Ligand code: AMP
Ligand code: GLY
């Protein structure tokens, strides 16, 4: 059995690791992978978001399954290309991935399917007055979003009308997010802790994974700029079984049913980003893929055969139910980022200490590369995710930070409050 994983982040390293657990016979190929996947898989120099190149690589290695990690690869049609070539693909078609790649499409679908979400308006340059009027109605407390994919940066949280108007102008007049920002959404600004609920689906059945929380801001106490994610925990305190059942029946199922009705059935990983507001939970966004770094905490706590679940999702054979956590149900992940991140990162610094990390701790690589002599160097913004599991979140967090203390590279930055910040303690 051969599995090709498209992508090069910590999420893809975690997927590669999970596919080999209990499956020593499985060969994993990463396109393009990173310095960590090189140790357990074969890396091939193929861009994850090039459908033709991914299919060629999958054919060359006779892959039985292609697992697609990044949003850009899904939006580019990598799943469509695999399916057209007769190769099983884990991940939605580009049409179904619009649930992530167009926020406007996602909001319309949420309204159609009665999925609770923030009130919103959407417009382009020609009808912007509608947006400006809505900003006034909200007293400036709103969130301005570029419609398309913008590397997680197309969301501007505003406190006042001047900031919101400037954000609209940045998208529509200054082209800050390129073509992703030619249509803009304005939403009411909600308050509350966030929860990520991921589910595997074959388009009909769903299997909800243990919930997680990620830490998006660069600095401790949720300060500083937004990032791709500086850490994650599972389970998020205050999230119970009733809540997960509600997400399954009132959010995830209506979403896949509405996508199927729209002629774009969704298979793969459907990720609901929710905010727990005083008026009840609201969906902030859907993603059409595994979250990063949520995947790095969710997959390691499972006792189930992840490869089988991915195959069942890709081939329409998924049984319904929950994917329950295993005997150690908690995990904490700390992302080690390069100097400069989330701006242009410093690259090429030697990483030390990885070989002496506690064997119970998982070190998932992202922006790393391995020299011919085995030296591992930084090669991107988010460099490593260190993940520890535990019977409690506290145990997992302490172990993760003990591992962080043993790893070094110049300019290394990380949050010191993963699992203890206000995000972790706020209840529903
Ligand atoms: P999105 O990519 O739409 O999930 O937005 C990224 C982040 O922006 C979310 O994780 C929230 O922290 C924040 N955000 C998005 N929408 C809202 C909203 N309506 N109210 C408050 N914060 C939001
Ligand atoms: N952790 C947020 C994301 O994957 O979009």
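Taking first residues from region 171-197 that are over 20 Å from residue 246 (Cα atoms) and without any contact (Cβ under 8 Å) to a residue 60 or more places away in the chain and partners that are within 16 Å of ligand 2 (Cβ to nearest atom) and part of a strand (DSSP E or B), the Cβ contacts under 6 Å between residues at least 6 apart in sequence or on separate chains come to 171/146; 177/146; 180/146; 181/146. Here are some conditions: (1) more than 23 Å from residue 282 (Cα to Cα); (2) away from ligand 1 (no atom under 13 Å from the Cβ); (3) in contact with a helix residue (DSSP H, G or I) (Cβ under 8 Å, 6 or more places away or on another chain). Residue 174 meets all but one. Which one does it not meet? Here residue 174 clears every test but (3). Evaluate the following for residue 332: is it touching a helix residue (DSSP H, G or I) at 6+ places or on another chain (Cβ under 9 Å), modelled with pLDDT of 95 or more and within 16 Å of ligand 2 (Cβ to nearest atom)? Spelling it out, residue 332 is indeed touching a helix residue (DSSP H, G or I) at 6+ places or on another chain (Cβ under 9 Å), modelled with pLDDT of 95 or more and within 16 Å of ligand 2 (Cβ to nearest atom). For first residues located in region 147-158 and more than 13 Å from residue 103 (Cα to Cα), partners that are in a strand (DSSP E or B) and more than 7 Å from ligand 1 (Cβ to nearest atom) and lie 6+ apart or on another chain with Cβ distances below 8 Å form the pairs 156/144; 158/142; 158/144. Can you pull out the residues in region 142-163 that are at pLDDT 95 or above and within 10 Å of residue 226 (Cβ to Cβ)? Listed by number, the list is empty, since nothing qualifies. The single residue among 308, 346 that is assigned to a loop (DSSP other than H, G, I, E, B), away from ligand 2 (no atom under 16 Å from the Cβ) and either more than 18 Å from the chain's Cα centre (by Cα) or surrounded by fewer than 24 Cβ atoms within 10 Å (Cβ to Cβ) (or both) turns out to be 346.
Out of the residues in region 211-237 meeting the condition of being outside any strand (DSSP E or B) and out of contact with any helix residue (DSSP H, G or I) (no Cβ under 8 Å at 6 or more places or on another chain), tell me which one is surrounded by the most Cβ atoms within 10 Å (Cβ to Cβ). Only one residue fits best here, namely 230. Looking only at residues of region 241-299 that are under 18 Å from residue 322 (Cα atoms) and without any contact (Cβ under 8 Å) to a residue 40 or more places away in the chain, we find that the one that is nearest to ligand 2 (Cβ to nearest atom) is 246.
The values are calculated or read from the model by the stated rules, or taken from the named source; none is laboratory data. Everything quoted here is computed from the prediction, not taken from an experiment. Ideal geometry is used to build each Cβ from the backbone, glycine not excepted, and the neighbour counts take in all protein chains shown.
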